[in-house]
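Comments concern the structure below.
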Amino acid sequence: MHKIWAVIRREFVERIRTRWFWIGALLGPLLFGVILFLSMQLGQGGVQTIVVVDGTTTPVGERITQQLDRTGSVRAVRIPAGSGVIDSLTTEVRAKRLDGFLVVTDATIDSGNAEYRGSNVFAGKTALQHPVEEALTAVRLERAGVDPRVVARARMPVRLETQKISRGETTQESAEQSFSLAYFMGIILYTAILLYGINVMSSVLEEKTTHIVEVLVSSLRPFELMLGKVLGVGAVSIFQFLIWGVAGRFLLTRRAGPLTPSEVGGSAEVFQVPHVSGATFALFIAYFLGGFLLYSAMFAAVGAMSSTEQEARQAQQPVAWMLVLSFVSMFALLNDPNSALAVTLSLVPFSAPIAMPVRWAAGSLPGYEIGLSLGILVMSIVGVTWIAARIYRVGILMTGKRPNLRELVRWVRTV
Amino acid sequence: MTSPSPTPILTLDRVSKHFAGHTAVDELSLSVPRGVIYGLLGPNGAGKTTTIRMIMNILEPDGGAVEVFGEPDGGRAHSERIGYLPEERGLYRKMRVLDVLVFLGEMKGIDRRRARQQAEGWLERLGLGQWRLRRVDDLSKGMQQKVQFISTVLHDPDLLILDEPFSGLDPVNAQVMKDTVLELRSRGKTILFSTHIMEQAEKLCEQLCIIARGRKLVDGALSDIKRTRSGHHLVIGFDGSLGGAAQVFADKELVSKVDNYGQYAELELAAGADPQQILQRLVTSGARLSKFELQEPSLNKIFIDLVGPEAVRA
């Protein structure tokens, strides 16, 4: 026991002594901040400069232009239609001096047809669709003799207060918060499991290539060594989370002040500071530890069966791919957290560590599913660790070429 | 040297180890008395490292039993009392020298404080005192060898198991290693070491075991082994004239094997041959002799005779 403790301490102390640990610890939150910021920017698409080519004989063009200007995400200028206007505007767009132009005619009011030409038609459509509709609706109503004030009152926006009913209690969590929480938990789980799993692998490989492992296993069992290693690296990851947690809390409280949701326009609200409950945190840590233990056992086996960094990089691919697939499927889970696919993924132990917390954050979950998923995960950890330890035990003393699958099976079978 | 105490510190009883396709160690039995320097000798690939790994529980024997300190479990359970230096050596390159030594001391089972004290003492003693807070990477290869050796002895073990301890050492470190081994021996420690270099073994070992292809060829005290093989080995020095020496050496009735250097020759007598007869025939053939001596064979000679020239070349 004393020896396992010494292995844990060495892994922990040597790792947090490196410059890279502290760079990661300090830059990690910053990096997530940048991702958050970029996601906002992508959602918002920035301010677009467009021209409204007004071919109408009524003030409809004017109304549309005003409505567009009011959104804040579009700066619109009205130009009367004329010969050559389209061509010169097209040149402007090509020269990147203009994002695009909208062509409206008198027919637009009745048919609802308008034309937009621009460099990014997707962003253009996202930004224009709603304001143009608004303006046209107002004009049509006025034409039908409705008082503009009535129109204004009728068009009073709905403020939909969303409250997630989860675990039998009502939380103050908005839909956007649920989404961003699920999204971030997914990213962090994926990154951390992969990163620290690979840490375990390179630690195993270092001891193997320097042959120091031979001295070590002459005084403690290979399993004890592997266990100490996994727990030591695991402790580093928890420490890293603590730093991130503290730093993140600090950054977010600083940020929450000036940047209230009303100021952040449109889809930027998707990324709101999530409310993390105690249960969510516990679930996150439980699945992180489960996922880490499961994957790091496999990464340890991969390190043990390889003789060089290069071999290890190749051999780890099947393991890493399982994680990547779980991560990628997260986006499908977010769309429909209760689909058959989602339920399956959260029960399969190799994807559960990412899938389950994501589903939990995105919507409510029956308790038995969590119990079942955790049960399967724990059993898989025991099974996978047993197999990995046997590969490890043989592998750490092997030199020469990497074993094929049949040899691996023989390693597992050797007493 | 004192005679070894009767209870062996280490015994192997018909220990075997098979790997896919070949037998590395085949029913090997040996016993290492307390307080001696014991040589495990054999050509490369004889099974020395496999044997040592089985003693240390790094490999599990397929058959047979290993007893260390009179107990049936192997070396791992006694790591606090065993210093083990494997053939392939390495250290954590990025750790500080002192930290590596403390960690490896802890692995043997001693506490941090004692490990630190011992490590600092040894570092001073081997002239590495001012390097103790440097990274292993910063040390020269020779210095790293010293650190590896310190890691083997810092917990003051009763039994040292050294696999090819002199291989790769520079002459200075080889000397340090030899002196330390002898010093430990004088303090009553037992040293088992493997080597394929017979000159070294001959100077250091009191007891030995020669193995080849996983089997034991001979074991026991070096003096006994030499004695049972003496009386057949004749060393002849010529003083200018060889006379009819060539014909005498070619006589299969007298000489079974000859190693002729011109002015010097080593002969293996044929069974039942009388050395006096060889002397007489040489003198009558006109050879002038400066030396005519019946010798104990060198360990190297015994080794080559036993193992066969093929195995040595391997």
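Under the condition of being in contact (Cβ under 8 Å) with a residue 60 or more places away in the chain and more than 16 Å from A:I198 (Cβ to Cβ), which residue from region A:338-357 is nearest to the chain's Cα centre (by Cα)?
Residue satisfying both the conditions and the ranking: A:I354.
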Open item on the list: If I ask for residues that are in contact with a strand residue (DSSP E or B) (Cβ under 6 Å, 6 or more places away or on another chain), modelled with pLDDT of 85 or more and not aromatic (F, W, Y), which ones from region B:226-255 would you list?
Closed with: B:L234, B:V235, B:I236, B:G237, B:D239, B:V255
Task: Residue list for region B:174-199, filter: free of Cβ contacts under 8 Å to residues at least 40 places away in the same chain and farther than 25 Å from B:R81 by Cβ - done: B:A174, B:Q175, B:I197
- [ ] Among the residues of region B:47-68, write down those that are under 21 Å from A:L216 (Cβ atoms), in a loop (DSSP other than H, G, I, E, B) and more than 9 Å from every other protein chain (Cβ to nearest Cβ).
- [x] B:P61
Open item on the list: Restricting to region A:48-87, give me the number of residues that are in a loop (DSSP other than H, G, I, E, B) and either within 14 Å of A:V104 (Cα to Cα) or in contact with a Ser or Thr (Cβ under 6 Å, 6 or more places away or on another chain) (or both).
Closed with: 6
- [ ] Would you point out which residue out of B:T190, B:T152 is on the phi < 0 side of the Ramachandran plot, among the hydroxyl-bearing types (S, T, Y) and under 16 Å from the mean Cα position of the chain (by Cα)?
- [x] B:T190
- [ ] For residues that are at the interface with another protein chain (Cβ under 10 Å from one of its Cβ atoms), surrounded by fewer than 24 Cβ atoms within 10 Å (Cβ to Cβ), assigned to a helix (DSSP H, G or I) and not hydroxyl-bearing (S, T, Y), tally how many sit in region A:194-211.
- [x] 2
Open item on the list: Among (1) of a type in the set (A, V, I, L, M, F, W, C); (2) within 38 Å of the chain's Cα centre (by Cα); (3) surrounded by fewer than 19 Cβ atoms within 10 Å (Cβ to Cβ); (4) modelled with pLDDT under 85, there is one condition A:V74 misses while meeting the rest; what is its number?
Closed with: (3)
- [ ] Out of the residues in region B:175-219 that are of a type in the set (V, I, T) and outside any helix (DSSP H, G or I), state the one that is surrounded by the fewest Cβ atoms within 10 Å (Cβ to Cβ).
- [x] B:I197
Task: Residue tally, condition of a type in the set (D, E, K, R), facing another protein chain (nearest Cβ under 9 Å), in contact with a strand residue (DSSP E or B) (Cβ under 9 Å, 6 or more places away or on another chain) and touching a residue at least 40 places away in the same chain (Cβ under 8 Å), over region B:69-88 - done: 1
- [ ] Quickly run through region B:103-115 and pick out the residues that are more than 8 Å from chain A (Cβ to nearest Cβ), within 29 Å of the chain's Cα centre (by Cα) and without any contact (Cβ under 8 Å) to a residue 24 or more places away in the chain.
- [x] none
Task: Test for B:G121: is it surrounded by fewer than 17 Cβ atoms within 10 Å (Cβ to Cβ), more than 9 Å from chain A (Cβ to nearest Cβ) and on the phi < 0 side of the Ramachandran plot - done: yes
- [ ] Can you confirm whether region A:219-227 contains a residue that is modelled with pLDDT of 90 or more, within 20 Å of A:A25 (Cα to Cα), more than 8 Å from chain B (Cβ to nearest Cβ) and buried (at least 18 other Cβ atoms within 10 Å of the Cβ)?
- [x] no
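The values are calculated or read from the model by the stated rules, or taken from the named source; none is laboratory data. These numbers come from a predicted model, not from an experiment. Methodologically, a virtual Cβ is constructed for each residue, glycine included, from the backbone with ideal geometry; neighbour enumeration extends over all protein chains shown.
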